[in-house]
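The values are calculated or read from the model by the stated rules, or taken from the named source; none is laboratory data. A quick note: this is a predicted structure, and the numbers were derived from the prediction, not measured. Counting neighbours? That spans all protein chains shown, and the Cβs are built from the backbone with ideal geometry, glycine included. Accessible surface is based on the protein model in full, side chains and every heavy atom, while ligands, DNA and RNA are left aside. Shrake-Rupley method; radii C 1.70, N 1.55, O 1.52, S 1.80 Å.
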Amino acid sequence: MASNPLTLKLLINKRSNHVIYAESGKDFVDILLSYLTMPISSIIRLTARHSKIGSLNGLYESVEDLDVRYMQTKACKTMLLHPRSSAEEQYKNLVLDIDEDTSPTEYYICPKWVCASRTHCLVSTVANARCRCGQVMHRRIYRKKQDDGLDGKDGGFVKGDTRFMISDDLNVFPVSTSKSLELFKKAAISESTVLEQRNVIVGRREALSILKASLISKTVLSDVFSSKKPRQKYTML
């Protein structure tokens, strides 16, 4: 997967220094939508562990510290700490590699071919999970590449020929004058002189900051990109 920064165009209220909306193509929107497919353990590992958000962080750390002899299998601990997303094929097309530590999914079956192909037909994405027959599933198989309904076109989640608006609370819309006016009205904007256009760079750090802020804020873009906000509160280490 590539990991190339992208440019995001912001429209900002200079008086309040709040983002009214951002404008982008598919690349940034695909990254935002990918957050919806992330397993909760992945979100904790990537964001919450740096800020102690809620109690799930403690739950995650307790599993990390729990000796494997208390788990059903070693594979169970791996599944809990490093779950896989069903949207992995779409992730391959994202401009930014948000989860650099996760390797591509591998598939394992029981070493007994009759068990793997006829009796139980189980497949695991974690090595050494236990088959119903009692054997450890360590025989690696290779998945035939599928188009996953993408038809070989743009990849990702949204079409590449559309421009999108993203509000401060991460609502996503196709670009339209009526939606712009609606957001201006919501922000009490009555004159264009208070508006400022600003281009910002979004790399992996900013993408993770947006994910983190989205868990606790309704003004995500302002919190991450506004110069008068305490950005370090949302910056990933």
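Details
- Anisotropy class of segment 1-114 from Cα gyration tensor, a/c 1.5 cut: oblate
- Relative to the dominant Cα principal axis of the chain, helix 177-186 is inclined by about 80°.
- A simple charge model with +1 on the Cβ of Lys and Arg, -1 on the Cβ of Asp and Glu and nothing else charged puts the dipole of segment 36-109 at about 240 debye relative to its Cα centre.
- Net length gained if the chain between Arg143 and Thr219 were fully extended (0.36 nm per residue, minus Cα distance): 23.2 nm
- Helical mean residue ellipticity (222 nm; -39500 (n - 2.57) per DSSP H run of 4+; nearest 500) of the chain: -7500 deg cm²/dmol
- 0 to 90° range, to nearest 10: angle between helix 204-214 axis and the chain longest Cα axis: 80
- Protein accessible area in the chain, 1.4 Å probe - carbon and sulfur %: 50
- Applying 1/(1 + (r/R0)^6) with r as the Cβ-Cβ distance of Val123 and Asn4 and R0 = 25 angstrom yields a FRET efficiency of 0.15.
- Residue-normalised accessible area of the chain, expressed per residue, 1.4 Å probe, Å²: 58
- Here segment 2-141 is assigned +1 on the Cβ of each Lys and Arg and -1 on the Cβ of each Asp and Glu. Its dipole about the Cα centre then comes out at about 460 debye.
- By average C-beta atoms within 10 angstrom, highest first, the peptides 212-220, 166-174: 212-220, 166-174
- Selected from Gly134, Ile43, Gly156, residue furthest toward positive end of dipole (the chain; charges at beta carbon): Gly134
- Gyration tensor (alpha-carbon) shape descriptor, the chain, a/c threshold 1.5: prolate
- Length available on full extension from Ser62 to Lys14: 0.36 nm per residue minus the Cα-Cα distance, which gives 12.8 nm.
- Compared with the alpha-carbon gap, the fully stretched path from Arg198 to Thr177 is longer by 5.6 nm at 0.36 nm per residue.
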